[in-house]
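S.K.: Could you have a look at this structure, given as structure tokens, before my questions?
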Amino acid sequence: QVQLVESGGGLVQTGGSLRLSCAASGRTFSYYTAGWFRQAPGKEREFVATIRWNGGSTYYADSVKGRFTISRDNVKNTVYLQMNSLKTEDTALYYCAVAYGSNFPPRHYEYRSWGQGTQVTVSS
């Protein structure tokens, strides 16, 4: 299993930016697709973005397309989520996850390792 630790969350005003990081350890991180999810209070966890093991392909939820960018550095065993033009509806606990299958984008159930999350709060 890959162990994941997110960081970079915080409080930001509408229109601002944040960059989340997810540091991986354990099994060889560079072999696997990584993704970001989020969960707002009272709502189910939802997909945000995902990136193939070599960074060659990415896929985004419609709600963040054009504003968020997912990237990874396999030397540093880290995946990032650059979030620009933040909106109040982006407020949530953000999780990174790793999928061990070969589908891209992976199905939700294929994400088998999860971090503890980092809180993002966007104020108006």
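The values are calculated or read from the model by the stated rules, or taken from the named source; none is laboratory data. The structure displayed is predicted, hence computed values, not measured ones. Glycine gets a Cβ as well: all are built from the backbone with ideal geometry, and neighbour counts include every protein chain shown. These area figures cover heavy atoms from the full protein model, side chains too; ligands, DNA and RNA do not enter into them. Shrake-Rupley method; radii C 1.70, N 1.55, O 1.52, S 1.80 Å.
S.K.: Filter the trypsin sites (Lys or Arg not before Pro) in the range 40-124 to those in DSSP coil with at most 11 other Cβ atoms within 10 Å of their Cβ, and list the result.
M.R.: Answer by residue number: Lys43, Lys65, Arg107.
S.K.: Here's a follow-up. In nm, to one decimal, how far is the modelled label at Ser7 from the one at Asp62, with both set 7 Å along Cα→Cβ?
M.R.: With each label placed 7 Å out from Cα toward Cβ, I get 3.7 nm.
S.K.: Over all directions, average the projected area of the Cα convex hull of the chain and note it in nm².
M.R.: 6.8
S.K.: Cut-off under 17 Å on the C-alpha distance; same-chain residues fewer than 8 positions from Lys65 excluded. Which lysines are left, in chain and number order?
M.R.: Lys87
S.K.: Once the other residues with Cβ under 14 Å from the Cβ of Ser71 are scored (Lys, Arg +1; Asp, Glu -1), what is the net sum?
M.R.: My count for the surroundings of Ser71 gives +3.
S.K.: How far apart, in nanometres, would the label points at Ser71 and Asn103 be if each is projected 7 angstrom from Cα along the Cα-to-Cβ direction?
M.R.: 2.9
S.K.: If you count only protein heavy atoms with a 1.4 Å probe, what accessible area per residue comes out for the chain, rounded to a whole Å²?
M.R.: Per-residue accessible area for the chain comes out at 52 Å².
S.K.: Still on this structure, I have one more. Can you sort Thr14, Thr91, Thr50 by 1.4 Å-probe accessible area, starting with the largest?
M.R.: Thr14, Thr91, Thr50
S.K.: Could I ask something else about it? Using a 1.4 angstrom probe on the protein heavy atoms only, could you order Thr69, Thr78 from most to least accessible area?
M.R.: Listed by decreasing accessible area, they come as Thr69, Thr78.
S.K.: At 0.36 nm per residue, minus the direct Cα-Cα distance, what do Thr88 and Ala23 gain on full extension? Give it in nm, one decimal, please.
M.R.: Working it through step by step, the gained length comes to 20.8 nm.
S.K.: Please list, by residue number, every one of the GluC sites (Glu not before Pro) in the range 1-105 that is coil in DSSP and has at most 10 other beta-carbon atoms within 10 Å.
M.R.: Answer in residue order: Glu44.
S.K.: Per residue, what volume in Å³ does the Cα convex hull of the range 73-118 take up?
M.R.: Normalising the Cα hull of the range 73-118 by residue number yields 119 Å³.
S.K.: Carbon and sulfur: what percent of the range 34-85's accessible surface (1.4 Å probe)?
M.R.: 45
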